[in-house]
Amino acid sequence: MGFRLKVEGPETIDLGIENILTVEFKTDTPNDSNARSTDLGTSLIVKGKILTAVDGEEADSTMKLAQWSLVPGERADCYRKATIDVISASQVVRQIHLPNAFIVDYTEDYGDEEGVGTFYLHMKQKKDKTIMVKLEGGFEE
Amino acid sequence: MGFRVKIEGVETIELQIESVQKVRFKTDIPKDSNARTKDVGSTMVISGKILTAVDGDPFDSTRQMGIWSLVPAESADCYRKLTVEVISASQVVRKIFLPNAFVVDYTEHFGDTEGIGTFELVVKQKKDKLDKVTIEGGYSA
C-alpha cells in the first residue's frame, strides 16, 4: 500500500509513497458512555521516514511538519486542511479529509545506526467541526 | 470459524467471512459490586481486514462503518441494528443481536508493507435497552 499526505495552509506540505510508513484513522468517544456520546473526536496518525536529500535534490517537506507543530494556538494557521490517500492496486481505498486539522503530538527520532530519521504525527480535527470530516474511497486512482 | 456481520440502519453494511477476523462479546458489571448490580453493559468488538477491490469487484463496506462512526449523537441514525453470526462446521455457534448499537471507537490502520488495511470497531448496546439484546445459537447454518 502507498500513501499520499497533503497539508494545505499558508504553505503546502506534500509527502509521498517514499516517506510514509503507516496511517491510522480513529474515531473516539468515551468508553464508559451508556449511549452515543456527543464527545466525539477524530484522529489521524501518520508515521514515516525523514529522508536525506542526496545528489542535490530537494529535501522532503517533513521539516515543514515540524514547523507546523510549533505554531501556537492563537494563530489561524495552526488549523490546516489535511488529506490522506491510501492507494493499493491503482485503487484509492481511502481518502480521508480533515479540513480543520491541528497537531496534538509531533515527534522526530534519529539514531546513529540509521540513515533515515522517523517522524510521528498525530493530528486531530477541531472538535466542533467533526461533521466536516470526509471519509471517501473505493474509486480508481 | 467464520463470521458474518450485518449492520442495519439507513443503509445496510454487510461484512463477509473474508473481512472479519475476530469478534469479542463482553458483558461488564462493576468489579467492586457486593451483589448483582443493574449497571450492566454489553460491548462487542469486531476486528478484521480492509480489502482492496481488484478486477472491478465492488469494494467491501468497511468504509461505511467509518462513516457510521462519525454520525453525531444528535442524529437518530447513530443507533443501528447489529447482528453477528459465528459460524463453524455449518453450525451457527452464536447469533448475537444488538438492536440499538452505537459506536464507541473505530480505528483503521494501514501500513506500507501490507496489501490490506485493518479495522477495529467497538460498539455498545444503548444501556436502557439492554434487555433487547438476544443471544442465540446451536443450530445449523
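FYI, it's all coordinate maths here, none of it is from the lab. Computed from a predicted model, the values in this text were never measured in an experiment. Note: ideal-geometry Cβ built from the backbone for every residue, glycine included; neighbour counts use all protein chains shown.
Values computed for the structure shown
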{"read-out": "From the options B:70, B:98, residue that is crowded, with 18+ Cβ neighbours inside 10 Å and more than 10 Å from chain A (Cβ to nearest Cβ)", "value": "B:98"}
{"read-out": "Given (1) surrounded by fewer than 17 Cβ atoms within 10 Å (Cβ to Cβ); (2) over 22 Å from residue B:119 (Cα atoms); (3) touching a strand residue (DSSP E or B) at 6+ places or on another chain (Cβ under 9 Å); (4) away from chain B (no Cβ under 13 Å), index of the condition residue A:102 fails", "value": "(1)"}
{"read-out": "Selection status of residue B:111, within 10 Å of chain A (Cβ to nearest Cβ), touching a residue at least 60 places away in the same chain (Cβ under 8 Å) and surrounded by fewer than 20 Cβ atoms within 10 Å (Cβ to Cβ)", "value": "no"}
{"read-out": "Hits in the range B:114-128 - residues which are surrounded by fewer than 17 Cβ atoms within 10 Å (Cβ to Cβ), more than 28 Å from residue B:53 (Cα to Cα) and under 17 Å from the mean Cα position of the chain (by Cα)", "value": "B:127"}
{"read-out": "Every residue from the range B:114-130 that is part of a strand (DSSP E or B) and more than 7 Å from chain A (Cβ to nearest Cβ)", "value": "B:118, B:119, B:120, B:121, B:122, B:123, B:124, B:125"}
{"read-out": "Count of the range A:112-141 residues which are in a loop (DSSP other than H, G, I, E, B) and in contact (Cβ under 8 Å) with a residue 40 or more places away in the chain", "value": "7"}
{"read-out": "Condition check for residue B:54: touching an Asp or Glu at 6+ places or on another chain (Cβ under 7 Å), at the interface with chain A (Cβ under 10 Å from one of its Cβ atoms) and either assigned to a loop (DSSP other than H, G, I, E, B) or over 26 Å from residue A:137 (Cβ atoms) (or both)", "value": "no"}
{"read-out": "All strands (runs of 3 or more DSSP E) inside the range A:1-111 with 2 or more residues being within 30 Å of residue B:40 (Cα to Cα) and in contact (Cβ under 8 Å) with a residue 24 or more places away in the chain", "value": "A:41-50"}
{"read-out": "Flag for residue A:120 being closer than 22 Å to residue B:109 by Cβ, hydroxyl-bearing (Ser, Thr, Tyr) and either away from chain B (no Cβ under 14 Å) or touching an Asp or Glu at 6+ places or on another chain (Cβ under 8 Å) (or both)", "value": "yes"}
{"read-out": "Top-ranked residue of the range B:74-95 - restricted to ones that are within 14 Å of chain A (Cβ to nearest Cβ) and free of Cβ contacts under 8 Å to residues at least 12 places away in the same chain, ranked as farthest from the chain's Cα centre (by Cα)", "value": "B:74"}
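For (1) charged (D, E, K, R); (2) surrounded by fewer than 16 Cβ atoms within 10 Å (Cβ to Cβ), each residue gets a yes or a no:
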position	(1), (2)
A:29	no, no
A:47	yes, no
A:68	no, no
A:80	yes, no
A:90	no, yes
A:95	no, no
A:116	no, yes
